[in-house]
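The next block holds one structure in the form of structure tokens; read it before the comments.
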Amino acid sequence: MNSATATDTRRAAVLGSPIAHSLSPVLHRAAYAAMGLTGWSYDRFEVSEADLEGFLGGLDASWAGLSLTMPLKRAVIPLLDAISDTAAAVEAVNTVVLDEDGRRTGDNTDIPGMIAALRERGVGKVDHAAVLGAGATASSALAALARICTGPVTAYVRSHVRAEEMRGWGERLGVEVHTADWAEAGHAFDSPLVVATTPAGATDALVPYVPERPGTLFDVLYDPWPTPLAAAWAEQDGSVVGGLDLLVHQAVLQVEQMTGRSPAPLAAMRAAGEEALAGR
């Protein structure tokens, strides 16, 4: 792990494709400013799977870490020297710490970030939960639920293939996963915790099914925000955890790993993220 000093000249960045929308530079730069790390910089680079190995090979000793978004979270694994158990569990790396000797270590801060975001809103344990969707974020959600859900998780999906994938992830992660067709997704809202992992617009048709007394909704989107589902949930006085909450909490963990300093300034990072979103 790196140990940052204020005068270090160190670099970090977020990689992915597309990447122009990423809020990561805003959050990490806000952290560096609050921590007095004047020599640190954080950028974004458009990098495809095909370009990733060459990009990594071109990094010098000034580089401290990388944040990874799609489609690189799985593609990077063969290019690393080690990965954490958390990242291995879901075969996805969103954080790479780069030692000055060139060693590359991968981790997944999305999973503990989800748990921290929920804990911040008072959700520590639930006896059952629902997941909307079955993509890469859904597997991370299952990994988080493995730590906080004491009973079954129902995943609402659009195909038999996706259903099999989610049941497979459940077996691997130690979660009792039931699957149901997306046409029945309105029933998800009977759960005390609902995690929506779908793209923008996918849950809009579910708004009429929001109950009078909803539990907690964790909608992983942050732009545009609020989603129609999150807005309807809040109107019924349900608790809403948003994508910015997740983004900030996983970024806090990244900053701490890359700089070797903790705690990272959660409040300053969130304020910077909110300001950036308000300006879009």
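For the chain, which whole percent of the accessible surface, found with a 1.4 angstrom probe, sits on carbon and sulfur atoms?
The computed percentage sits at 50.
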Q: Name the residues whose placed amide hydrogens come within less than 5 Å of the amide hydrogen of H178, ignoring near sequence neighbours (fewer than 5 apart) on the same chain.
A: V153, T154, A155
Q) Can you tell which of V195, A205, Q254 lies farthest toward the positive end of the dipole of the stretch 180-280, using +1 and -1 charges on the Cβ of basic and acidic side chains (Lys, Arg; Asp, Glu)? A) Q254
Q: Go through the stretch 128-144 residue by residue and turn each phi into a ³J(HN,Hα) via Karplus (6.51, -1.76, 1.60, θ = phi - 60°); whole Hz please, and just put x for glycine and proline.
A: 6, 7, 10, 10, 9, x, 8, x, 4, 5, 5, 5, 5, 4, 4, 5, 5
Q. So, in nm, how far is label E100 from label E53 when the simple model puts each one 7 Å beyond its Cα toward the Cβ?
A. 3.0 nm
Q) What does the helix-only formula give at 222 nm for the chain: each DSSP H stretch with n ≥ 4 adding -39500 (n - 2.57), the total divided by the residues, and the result rounded to the nearest 500 deg cm²/dmol? A) -11500 deg cm²/dmol
(Q) Can you give me the accessible area per residue for the stretch 125-222, using a 1.4 Å probe, in Å²? (A) 46 Å²
Q) Karplus couplings for the stretch 181-191 from phi (6.51 cos²θ - 1.76 cosθ + 1.60, θ = phi - 60°), rounded to Hz, Gly and Pro as x? A) 5, 4, 4, 9, 4, x, 5, 4, 6, 6, 7
Q) In whole angstrom, and with the biggest value first, how far do the Cα coordinates of the stretch 1-103 range along each principal axis? A) 34, 31, 26
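Below 8 Å between Cα atoms, with a sequence gap of 6+, how large is the relative contact order for the stretch 7-93 in percent? Don't skip to the end; give the middle numbers.
Values: 115 pairs, mean separation 32.6, N = 87.
Once normalised by length, the contact order is 37 percent.
Identify the trypsin sites (Lys or Arg not before Pro) of the stretch 100-206 meeting these criteria: DSSP loop state and at most 16 other C-beta atoms within 10 Å of the C-beta.
Numbers: sites: R103, R104, R119, R121, K125, R147, R158, R162, R167, R172; in loops: R103, R121, K125, R158.
Hits after loop and neighbour filter: R103, R121, K125, R158.
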Q.
Skipping prolines and chain starts, which residues have an amide H placed within reach, meaning under 5 Å, of the one on T95, given they are 5 or more residues away or on another chain?
A. L68, D107, T109
**Q.** Å² per residue, accessible surface of the stretch 231-272 at 1.4 Å
**A.** 35 Å²
(Q) Sort 129-141, 76-88 by the packing proxy (mean of other Cβ within 10 Å over each peptide's residues), most packed first. (A) 129-141, 76-88
Q: Provide the per residue accessible area, probe 1.4 Å, for the stretch 7-52, rounded to a whole number of square angstrom.
A: 43 Å²
Q: Run through all the Cα pairs of the stretch 177-223 and give the fraction in each 5 Å bin from 0, expressed as whole percent.
A: 5, 18, 33, 29, 13, 2
Q) Using only Cα atoms, what is the ratio of the radius of gyration of the chain to 2.2 N^0.38 Å? A) 1.00
(Q) Please compute the contact order of the chain in relative form: average sequence separation of alpha-carbon pairs under 8 Å and at least six residues apart, divided by the residue count, as a percent. (A) 19 percent
Q) For the stretch 36-49, in order, what is each residue's ³J(HN,Hα) by Karplus, 6.51 cos²θ - 1.76 cosθ + 1.60 with θ = phi - 60°, in whole Hz (x at glycine and Pro)? A) x, 8, 5, x, 8, 10, 9, 10, 10, 9, 6, 9, 8, 4
Q: Return the long-range amide H neighbours of F218 (sequence gap of 5 or more, or a different chain), with a cut-off of under 5 Å between placed amide H atoms.
A: V194, V195, A196, V241
Q. What is the P(r) of the stretch 240-280, as percent of Cα-Cα pairs per 10 Å bin from 0?
A. 29, 51, 19, 1
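The values are calculated or read from the model by the stated rules, or taken from the named source; none is laboratory data. Here the structure is a predicted model, which means the values were calculated and not measured. All Cβ positions, glycine included, derive from the backbone under ideal geometry; neighbour counts span all protein chains shown. Ligands, DNA and RNA are stripped out before the accessible areas are found, and what is left, the full protein with its side chains, is counted by its heavy atoms. Shrake-Rupley method; radii C 1.70, N 1.55, O 1.52, S 1.80 Å.
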